[in-house]
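Below is one structure, written out as structure tokens, with a few remarks after it.
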Amino acid sequence: MIDRGILFPIIIGVCIVNGIFSPYLAIALQVVPILMPEMFPKNVHWALFFSSVFVSSATLLAGGVPAALYERFFAPDERSVASMWIWLGAATLLSLPALETINKAL
């Protein structure tokens, strides 16, 4: 049985892959220069980095919503990993366009 300590890094990895290869980086690249801290130079390298972080963080947060709702309404015991599996499934569903982009590149 896989525990929470192993599932969470897998979820983070799926979100990072989505942040790197997502086709939605083009949209994030238009928004991120406005949100970037002033201490970073406003060039393409930093904008791509922050847009990747933005997309991966959005995937992590949006994927956690169904898991949080499951824990809130069904309230399983604290040892249950069902909410982590729901979080992984939601993050994977959100990452499907990125996986399609990877397949096209190969």
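Say we look at segment 73-106 and pick out the residues that are polar (S, T, N, Q) and in a helix (DSSP H, G or I); which of these is surrounded by the fewest Cβ atoms within 10 Å (Cβ to Cβ)?
N103
Anything in segment 35-92 that is touching a residue at least 60 places away in the same chain (Cβ under 8 Å) and either among the polar types (S, T, N, Q) or more than 18 Å from D3 (Cα to Cα) (or both)? List them, or say none.
Selection gives T92 alone.
How about segment 68-92: which of its residues are at pLDDT 95 or above and either small (G, A, S) or touching a strand residue (DSSP E or B) at 6+ places or on another chain (Cβ under 6 Å) (or both)?
G89, A90, A91
The values are calculated or read from the model by the stated rules, or taken from the named source; none is laboratory data. Everything numeric here is computed off the predicted structure, so don't read it as measured data. Glycine also receives a Cβ, built like all others from the backbone with ideal geometry; neighbour counts cover every protein chain displayed.
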